[in-house]
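Beneath this line is the structure, given in structure tokens, with notes to follow.
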Amino acid sequence: MNVLEFSLLVWVGSFLAGFLGALTGLGGGVVIVPLLTSVFGVDIRYAIGASLVSVIATSCGAASTYIRKGFANVRLGMFLEVATTTGAIVGALLATVISVKLLTIILAVVLLYSAYLAQQPREESEVVEEPQPLAAHLQLTGTYPTSSGAMAYQAQSVPLGFGLMAIAGVLSGLLGIGSGALKVLAMDQVMRLPFKVSTTTSSFTIGVTAAVSAGVYLSRGYIDPGLAMPVMLGVFPGALLGARALVGTQVNVLRIVFSLVLVVMSIKMVYNVVGGH
């Protein structure tokens, strides 16, 4: 396989990862790393570096569509980024101390649990819950478009959601992913936000988290332009297409896709650890 063929295949795989990442709010990172290491035989460190670049590209590609359509909550996203970026810095600093294999197993368990929780849907037409003092003070409210008109929502359990976001940031710094699964879990199940708001706000915020981690990998020389370029060029249009597809996708279908991706990726992670890859 020559360089052109390799780059073309990486582009195709990255396009699909970007589409899936934008559609589910995962960011494509959990697809890119197994794809590059298992299919193309790329060193895990360079795969993580390219993955972080892809997460940034996915976020940039999807954010504009989500904001314009009225799904992503910018104020909420920027507030939660305080937690994720802090966690990402901590995770990057701990990356050389903690066993990556152990962290991979932990992440796989978290992904499986996230998949389970995603299949416990809430009724999204319910009356807005009583505003909590902290959420009201920070104005963590909003509306999003539905087939029956704009629907209002109110963030709940803000401190717990903020804490889970910090953990998501730590995992991003340690494993080189956007940790979109944990972010969606925190917003959907803990903060009681509508699922589409959770996935779109996750896609909007993961780029900042990944950028913090990418700075560490760049300083260590683990971002190869020859690999990162086709990944980025594939993820970006895939993310744009995924963002457009999400607008008309049924929530139940979105939850199923979300869960299937988490299950497949978690099994792949455990297989790599058990197999010694």
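The values are calculated or read from the model by the stated rules, or taken from the named source; none is laboratory data. In this text, all values refer to a predicted model and were calculated from it rather than measured experimentally. Note: ideal-geometry Cβ built from the backbone for every residue, glycine included; neighbour counts use all protein chains shown.
Structure notes:
- The residues listed here are Phe204, Phe236; of these, the one that is farther than 25 Å from Met151 by Cβ and not aliphatic (A, V, I, L, M) is Phe236.
- Matching entry among Arg192, Arg244 (being among the charged types (D, E, K, R) and not in a helix (DSSP H, G or I)): Arg192
- Residue in the range 84-94 that is modelled with the lowest pLDDT, counting only those that are crowded, with 20+ Cβ neighbours inside 10 Å and more than 15 Å from the chain's Cα centre (by Cα): Ala92
- All of Gly41, Gly18, Gly28 fail the test of being at pLDDT 75 or above and at positive phi, apart from Gly41.
- Verdict on Ala72 being closer than 29 Å to His137 by Cβ, out of contact with any strand residue (DSSP E or B) (no Cβ under 7 Å at 6 or more places or on another chain) and in a loop (DSSP other than H, G, I, E, B): yes
- Evaluating Phe79 against the criteria (1) assigned to a helix (DSSP H, G or I); (2) at pLDDT 85 or above; (3) within 16 Å of the chain's Cα centre (by Cα); (4) over 26 Å from Leu227 (Cβ atoms) leaves one unmet condition, (3).
- For the range 201-245, the set of residues classified as under 19 Å from Thr85 (Cβ atoms) and either among the hydroxyl-bearing types (Ser, Thr, Tyr) or in contact with a strand residue (DSSP E or B) (Cβ under 8 Å, 6 or more places away or on another chain) (or both) consists of Thr201, Ser202, Ser203, Thr205, Thr209, Ser213, Tyr217, Ser219, listed by residue number.
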